[in-house]
C-alpha cells in the first residue's frame, strides 16, 4: 500500500475508533464521585485479613492469580529474550569478529557515586520487598530496584566486575525457580503476603538482570572488522 | 482443586525445566514435559466428565462470592473440552518434536508448557481482567515461539508483525475492560454481566457498545477476522511446525471462544453480534481465496485456518445454542485436521528442506503416511462424514436456516471447497505428480507480493536430517487425524446441553456465584441430516474440480498458453498479494479501520 493510502486508511479508522471511545467515555460515572465499589470491598477485605497495605493484599491475596499470570509473562519475556538474542553471540563467532566490550570512559565522580550507591540501592530494594505487606512497596517494585542496582556497576564503568557479579545462567535458573515457588505458594497458600512478596522480588530482580544483561550484551558488542588495526 | 492443578502442573514443570534444563539430559526433559502434558489431559478429561453434573468452580485463595473480590476458575463442559483439546494438541506437538531442537537447553519445552498453562487458564477463568492477563501470557509465549529460529531475518519479521498487531489489539481489549469496570465496579464475567443487565435497560448504551467493541478487537485479532488477520500467515510461515499445530489448532480458535464467553456471560442481549458475523464471513471468503493462491504449504494452511475460523465466528454470531453446538463440533474437527496437516508439512520440511509446493513436486512419493494425511486432511476440510467438520457444518447450517441466514450454506461450501481444493492440489502435486527436472514454473510465476521471499530452501528444523521418519513424527499426526475424522460421532445430546448451558447467562452466573449447575432446556444436536451429507458431496466435488483445474492450469502455464480470463485472475491475485504486504504500518492501519467498522456495525443509532 502506498504511504498516502495507508495514512488515509489509518486516519479514517482512528477517527472512527476515537468517536467510539469518546462516546463510551461520556457515559462513564462522573469524575471524583464518592462511589468506588471495588475499592471499598478490596480495602474492607484487606483489613479483615489484617494486611495493612491494600495494594499488596490485592496483588498477592485477593487477585493472586492475576499476579501469577504477570509473573509468568515476565518469565516468558526473559526466556524469550534469551531465545531471540542468542543470535548476537553466534554472529560474532560466525564472522570471526572480536567479541569484546568497549572500555568505559567515565569520570571519577560518577565512578565513586556508582560504587557508593550500589550497596545503598540494594538495601533499599530488600527493604521495599520486605515491607511490602505493611507499607507502600512490594515485590515488583523492590525487584526492579534490585535488578537495576546491580547495573550501577556499569555506570561506574566496571563492566568486567558487573559480569562477574552477574553470571547469567545462575540468574536464569534462580528466576525460574522463584517463579515456580511463587506459583506453588500462591495456589497452595494465597494470603501469605510477605513470603509471596519475597518470591516476586527475587523473580522480578533476576528477570530484570537477565533482560538488561541480554540487552547490554547486544548494545555493547563492539564489532571490529577482521584484520583491522584498531 | 482439580482446576488449579490443571494450570499449576504445566507451570511448575516449566519452572523446573527452566531452572535445571541446562543440566538435565535431553531424555529427562522430554519425558518430564510429555508427562506433564499428559497429566493436564487427564485432569481436563476428568473435569469434562464431571462438569455436566457437578459444578466445577473454584475460587482461588479461598475468596468466595460472598466477599465479592477474588477470581473464580470455572469449567463448564465446553471450557473443559477446550482444555482437553489444548492438552492433546500440545501432546502431539511435543511428541512430534521429540527429535527437534537440540541447541538451546530446555527452553522450547518450557515455552510449550507455559503456552499450555496460559491457554488452560484463559479458558477456565471467570474473570474479565484475569482473562486478559492470560491472553497476554499466551501472546508473549507465542511471540517467543514464533521467533524461535531467529537466525533467519524472515522469522524475526514474522514474529515482530505478530507481536505488534497482537499487542495493539490487547491494549484495546484492556481499554474495553476498563470501561466495564468503571461502569459496574466488577471484574468477574458473571458479576459484571449482572450489573450491566441491571443498569442498561433492554439495550446497551454507548459505553456498553464501546466496551464490547474494544474487548472484541483483541480477541478478533487473535481469531484473525478480516481485517485483523494479516499477522497470522506471516507468523505461521516462520514458526516451527509443532508450534503451528497449537497456533492453528487452538490458539486462534480461542479468540472465538473469548468472544463467545464474554458475550454470553456478560453482554448477552445488550449488543448485536452482526459485526462478528460480517467480519467472520469476510475472513471465511478472503482466507479461502488467499489459501488457493499460496504455494508455500505452511502459508497455505495458515490461510485455510483464517477461513475456517471465520466460519467459527459466523457460528458464534448466529447467536443461539444450536449454532454454538455446531461450532463446537467444527472447532474440534478443525483442530485435529489442521494439526495433522501441519505435522505432515513438518515431515515434508524435515525430509526435503522446503515446504514450497513446486519444489516438492513429485518428491513425496516415498512418504505414504504423509501423503495419506494430506488426502484425508483435504477430505476432512471438505467435511467428510463423520468428521467434526461435517457435524459442525450440518448442525450450524440447520440453526442458520432457522435464523433465515440463507447465505450461510453457500458461504460454508465455497470456503470449505476452496481450502480443501488447495490441500488436495498439494496432494496431487507433491504425492502423485512427477518430479520436474528443473523447475521453469518457479521463476516465471511472480505475481509480486511477499510470499515469494518465503519460497526456496529453508533450514530443516531437525538436525541432522533423519534418514527415515521415526514413529514419534508419524503417530501424533495420525492420531489427531483419526480423532478429528471421528469427532462427529460425539453424541449430540451432551453437546446440545453444553451449548444450552454456555448460552444461558443467568445459568452461568448461578454456576459461578452459587455453585448450581444449570440445566436449561436443550435440544440434542443432530448432525445426520440429508442436507449435511449433500453439502459434503457438493463441497468435495467442487474441491476436486478446483484441484484438478489448478494442476491442469499449471501444466498449461508451463507451455505458455494463457487466456484473457487467466490474465485477469492473475491480476486480481496480484492485487490480493500486494494487500498482504508484510508492512507493519499497513497492518496497523487496517486494524484501526477494523475497529471503526466493528463500531459502525455494532452501534445502534
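Somewhere in region B:235-247, is a residue in contact (Cβ under 8 Å) with a residue 24 or more places away in the chain, over 12 Å from the mean Cα position of the chain (by Cα) and not in a helix (DSSP H, G or I)? The answer is yes; a qualifying residue exists. Cβ-Cβ under 8 Å, sequence separation 6+ or interchain: first residue in region B:469-495 and farther than 14 Å from residue B:242 by Cβ, partner surrounded by fewer than 19 Cβ atoms within 10 Å (Cβ to Cβ) and at pLDDT 95 or above. Which pairs? Once the first residue is farther than 14 Å from residue B:242 by Cβ and sits in region B:469-495, no partner that is surrounded by fewer than 19 Cβ atoms within 10 Å (Cβ to Cβ) and at pLDDT 95 or above comes close enough.
In a residue-by-residue description of region A:14-23, the property of being more than 7 Å from chain B (Cβ to nearest Cβ), under 32 Å from the mean Cα position of the chain (by Cα), assigned to a helix (DSSP H, G or I) and within 23 Å of residue B:131 (Cα to Cα) applies to no position. Step by step: first the residues of region B:568-586, then only those that are at the interface with chain A (Cβ under 10 Å from one of its Cβ atoms) and touching a helix residue (DSSP H, G or I) at 6+ places or on another chain (Cβ under 7 Å), then the one that is surrounded by the fewest Cβ atoms within 10 Å (Cβ to Cβ). Which residue is that? The selected residue is B:585. For region B:58-87, which positions are in a helix (DSSP H, G or I) and away from every other protein chain (no Cβ under 14 Å)? Those that are in a helix (DSSP H, G or I) and away from every other protein chain (no Cβ under 14 Å): B:77, B:78, B:79, B:80, B:81, B:82, B:83, B:84, B:85, B:86, B:87. For the criterion of being surrounded by fewer than 24 Cβ atoms within 10 Å (Cβ to Cβ) and over 29 Å from residue A:65 (Cα atoms), residue B:167 fails. Select from region B:135-162 the residues that are under 17 Å from the mean Cα position of the chain (by Cα), more than 18 Å from residue B:17 (Cβ to Cβ) and facing chain A (nearest Cβ under 7 Å) and list them in ascending order. Within region B:135-162, B:136, B:143 qualify.
Select, from A:98, A:130, A:109, the only residue that is modelled with pLDDT under 85 and more than 12 Å from every other protein chain (Cβ to nearest Cβ). Show your work before the answer.
On the way: A:130 fails: modelled with pLDDT under 85; A:109 fails: modelled with pLDDT under 85.
Step by step, each of A:98, A:130, A:109 is checked, and only A:98 is modelled with pLDDT under 85 and more than 12 Å from every other protein chain (Cβ to nearest Cβ).
Inspection of region B:146-162 identifies at least one residue that is out of contact with any helix residue (DSSP H, G or I) (no Cβ under 8 Å at 6 or more places or on another chain) and either surrounded by fewer than 24 Cβ atoms within 10 Å (Cβ to Cβ) or modelled with pLDDT of 95 or more (or both). Condition first: in a helix (DSSP H, G or I), at pLDDT 90 or above and over 30 Å from residue A:9 (Cβ atoms). Can you find one or more residues in region B:556-570 that meet it? Checking region B:556-570: not a single residue is in a helix (DSSP H, G or I), at pLDDT 90 or above and over 30 Å from residue A:9 (Cβ atoms). Filtered by the rule that a residue be free of Cβ contacts under 8 Å to residues at least 60 places away in the same chain and closer than 30 Å to residue B:360 by Cα, region B:503-540 gives a lone residue, B:537.
Residues being on the phi < 0 side of the Ramachandran plot, in contact with a strand residue (DSSP E or B) (Cβ under 8 Å, 6 or more places away or on another chain) and in a loop (DSSP other than H, G, I, E, B) are represented in region B:355-373 by at least one member. Within region A:166-195, the set of residues being over 19 Å from the mean Cα position of the chain (by Cα) and either surrounded by 19 or more Cβ atoms within 10 Å (Cβ to Cβ) or more than 7 Å from chain B (Cβ to nearest Cβ) (or both) comprises A:185, A:186, A:187, A:188, A:189, A:190, A:192, A:193, A:194, A:195. Looking only at residues of region A:24-49 that are within 30 Å of residue B:11 (Cα to Cα) and more than 7 Å from every other protein chain (Cβ to nearest Cβ), we find that the one that is surrounded by the most Cβ atoms within 10 Å (Cβ to Cβ) is A:46.
Restrict the check to region B:24-31 and report whether at least one residue is within 14 Å of another protein chain (Cβ to nearest Cβ) and modelled with pLDDT under 95. Can you show your working first?
First, the residues of region B:24-31 that are within 14 Å of another protein chain (Cβ to nearest Cβ): B:24, B:29.
Adding the requirement that they be modelled with pLDDT under 95 leaves B:24, B:29.
There is at least one residue in region B:24-31 that is within 14 Å of another protein chain (Cβ to nearest Cβ) and modelled with pLDDT under 95.
Of the residues examined, residue B:515 is not one that is closer than 19 Å to residue B:325 by Cβ and either surrounded by 13 or more Cβ atoms within 10 Å (Cβ to Cβ) or over 29 Å from the mean Cα position of the chain (by Cα) (or both).
For residue A:9, state whether it is surrounded by 16 or more Cβ atoms within 10 Å (Cβ to Cβ), facing chain B (nearest Cβ under 7 Å), more than 30 Å from residue B:578 (Cα to Cα) and at pLDDT 90 or above. For residue A:9, the condition - surrounded by 16 or more Cβ atoms within 10 Å (Cβ to Cβ), facing chain B (nearest Cβ under 7 Å), more than 30 Å from residue B:578 (Cα to Cα) and at pLDDT 90 or above - is not met. Against the test of being surrounded by 15 or more Cβ atoms within 10 Å (Cβ to Cβ), in contact (Cβ under 8 Å) with a residue 24 or more places away in the chain, outside any helix (DSSP H, G or I) and more than 10 Å from chain A (Cβ to nearest Cβ), the options B:55, B:45 yield a single qualifying residue, B:55.
The values are calculated or read from the model by the stated rules, or taken from the named source; none is laboratory data. These figures come from a predicted structure and were not determined experimentally. Neighbour counts are summed over all protein chains in view; Cβ atoms, including those assigned to glycine, are modelled from backbone coordinates with ideal geometry.
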